[in-house]
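*Asks:* Below is one structure. I have some questions about it.
The values are calculated or read from the model by the stated rules, or taken from the named source; none is laboratory data. All figures in this text were calculated on a predicted structure; none of them were measured in a lab. Here the Cβ is made from the backbone with ideal geometry for all residues, glycine too, and neighbour counts use every protein chain on show.
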């Protein structure tokens with residue numbers, strides 16, 4: 001059997017391929033991390049299906065969540081397909097569709113209000129406005145760059161991702177706040193959320209600044225990350241419209257199944273729904 005070894009050149013080529021395919025930066029970063037960990041674990045052994053299966057079993061033995069294991073396998077399977085090593089691809093773990101979200105990771109409206117208030121009290125006005133922007137539009141953190149002075153003036157932003165272009169509307173009140181902020185910071189055109197050096201804020205910086213609010217706001221760190229603002233928007237939008245198809249379009253989902261994940265209620269809410277059935281005397 002042919003000896004196969006993963007090289008840094010192959011990993012770099014795959015990373016470039018993901019960029020040309022317009023994969024979200026966070027997804028590409030996660031894939032690279034999984035591939036590098038597998039390569040380190042594998043050592044000098046040849047890449048064969050049995051080795052990949054062993055990696056899957058190793059992750060499970062470490063207590064990794066099934067979804068995390070499948071994420072690692074998705075990264076490897078995609079990489080092997082890119083290399084033409086189809087015989088190395090392995091099957092995913094079968095996971096029952098989730099019925100509710102973990103309450104420890106669910107950002108509530110009260111949590112959100114406290115985060116905004118805390119940021120404003122600490123004069124972190126850029127962060128407060130950024131969180132409001134993500135939560136009021138449902139954009140991904142990687143799409144913040146499309147919130148420009150021009151978009152705020154037009155009341156809409158055109159977002160290009162994965163070969164698709166979608167238009168998101170920006171609430172009037174938010175447009176006014178964005179333009180006021182841009183004027184104060186002498187930003188006449190282009191991206192609104194910039195660092196002191198005039199460069200766009202990175203995903204990592206946004207994540208770190210949000211985490212920095214947790215203690216003062218009294219919100220568990222496990223609930224605070226940019227994507228949870230998108231989840232909060234999805235829940236609020238669906239409760240207002242009861243239109244999951246329209247919500248999928250707004251979020252930029254190609255599958256309703258992906259949107260459904262955003263609408264999972266917490267375990268506590270599911271428990272209340274069961275109690276309301278009144279089937280126990």
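*Asks:* With respect to residue 47, is the statement that it is surrounded by 14 or more Cβ atoms within 10 Å (Cβ to Cβ), outside any helix (DSSP H, G or I) and either on the phi > 0 side of the Ramachandran plot or touching a residue at least 12 places away in the same chain (Cβ under 8 Å) (or both) true? Even if it seems obvious, please write down each step before you answer.
*Replies:* Details: surrounded by 14 or more Cβ atoms within 10 Å (Cβ to Cβ): yes; outside any helix (DSSP H, G or I): yes; either on the phi > 0 side of the Ramachandran plot or touching a residue at least 12 places away in the same chain (Cβ under 8 Å) (or both): yes.
It is true that residue 47 is surrounded by 14 or more Cβ atoms within 10 Å (Cβ to Cβ), outside any helix (DSSP H, G or I) and either on the phi > 0 side of the Ramachandran plot or touching a residue at least 12 places away in the same chain (Cβ under 8 Å) (or both).
*Asks:* Right, another one. Out of all the residues in region 230-260, which are closer than 14 Å to residue 139 by Cα and assigned to a loop (DSSP other than H, G, I, E, B)?
*Replies:* 252, 253 - these are the residues of region 230-260 that are closer than 14 Å to residue 139 by Cα and assigned to a loop (DSSP other than H, G, I, E, B).
*Asks:* Condition check: surrounded by 13 or more Cβ atoms within 10 Å (Cβ to Cβ) and at pLDDT below 95. Does residue 92 satisfy that? Walk me through it before giving the result.
*Replies:* Details: surrounded by 13 or more Cβ atoms within 10 Å (Cβ to Cβ): yes; at pLDDT below 95: yes.
Considered against the rule, which asks whether it is surrounded by 13 or more Cβ atoms within 10 Å (Cβ to Cβ) and at pLDDT below 95, residue 92 comes out as yes.
*Asks:* Can you name every residue in region 192-213 that is in contact (Cβ under 8 Å) with a residue 12 or more places away in the chain and either in a loop (DSSP other than H, G, I, E, B) or farther than 12 Å from residue 142 by Cα (or both)? Reasoning before the result, please.
*Replies:* Step one: filter region 192-213 for residues in contact (Cβ under 8 Å) with a residue 12 or more places away in the chain, giving 192-193, 200-201, 203, 206-207, 209-211, 213.
Of everything in region 192-213, those that are in contact (Cβ under 8 Å) with a residue 12 or more places away in the chain and either in a loop (DSSP other than H, G, I, E, B) or farther than 12 Å from residue 142 by Cα (or both) turn out to be 192, 193, 201, 209, 210, 211, 213.
*Asks:* Continuing with the same structure: Do you know which residues across region 19-38 are in contact (Cβ under 8 Å) with a residue 60 or more places away in the chain and in a helix (DSSP H, G or I)? Write out each step before concluding.
*Replies:* Here is the first cut: in region 19-38, the ones in contact (Cβ under 8 Å) with a residue 60 or more places away in the chain are 21-26.
Across region 19-38, the qualifying residues are 25, 26.
*Asks:* Regarding residue 227, is this residue part of a loop (DSSP other than H, G, I, E, B) and assigned by TED's automatic domain parsing to the domain that holds residue 152?
*Replies:* Values: part of a loop (DSSP other than H, G, I, E, B): no; assigned by TED's automatic domain parsing to the domain that holds residue 152: yes.
Against the criterion (part of a loop (DSSP other than H, G, I, E, B) and assigned by TED's automatic domain parsing to the domain that holds residue 152), residue 227 does not qualify.
*Asks:* Given (1) surrounded by 13 or more Cβ atoms within 10 Å (Cβ to Cβ); (2) in contact with a helix residue (DSSP H, G or I) (Cβ under 7 Å, 6 or more places away or on another chain); (3) free of Cβ contacts under 8 Å to residues at least 60 places away in the same chain; (4) within 29 Å of residue 23 (Cβ to Cβ), where does residue 116 come up short, assuming only one miss?
*Replies:* Of everything listed in (1) surrounded by 13 or more Cβ atoms within 10 Å (Cβ to Cβ); (2) in contact with a helix residue (DSSP H, G or I) (Cβ under 7 Å, 6 or more places away or on another chain); (3) free of Cβ contacts under 8 Å to residues at least 60 places away in the same chain; (4) within 29 Å of residue 23 (Cβ to Cβ), residue 116 misses just condition (4).
*Asks:* Next question. Taking residue 168 and the conditions (1) assigned by TED's automatic domain parsing to the domain that holds residue 229; (2) in a helix (DSSP H, G or I); (3) in contact (Cβ under 8 Å) with a residue 60 or more places away in the chain, which numbered condition does it fall short on, given that it satisfies the others?
*Replies:* (2)
*Asks:* Give me the residue from region 1-28 that is loosely packed, with under 11 Cβ neighbours inside 10 Å and over 20 Å from residue 203 (Cβ atoms) and, out of that set, modelled with the lowest pLDDT.
*Replies:* 1
*Asks:* For region 237-246, which positions are free of Cβ contacts under 8 Å to residues at least 60 places away in the same chain and either surrounded by 15 or more Cβ atoms within 10 Å (Cβ to Cβ) or not assigned by TED's automatic domain parsing to the domain that holds residue 206 (or both)?
*Replies:* We begin by selecting, within region 237-246, every residue free of Cβ contacts under 8 Å to residues at least 60 places away in the same chain; these are 238-246.
Once the filter is applied, which keeps residues that are free of Cβ contacts under 8 Å to residues at least 60 places away in the same chain and either surrounded by 15 or more Cβ atoms within 10 Å (Cβ to Cβ) or not assigned by TED's automatic domain parsing to the domain that holds residue 206 (or both), region 237-246 yields 238, 244.
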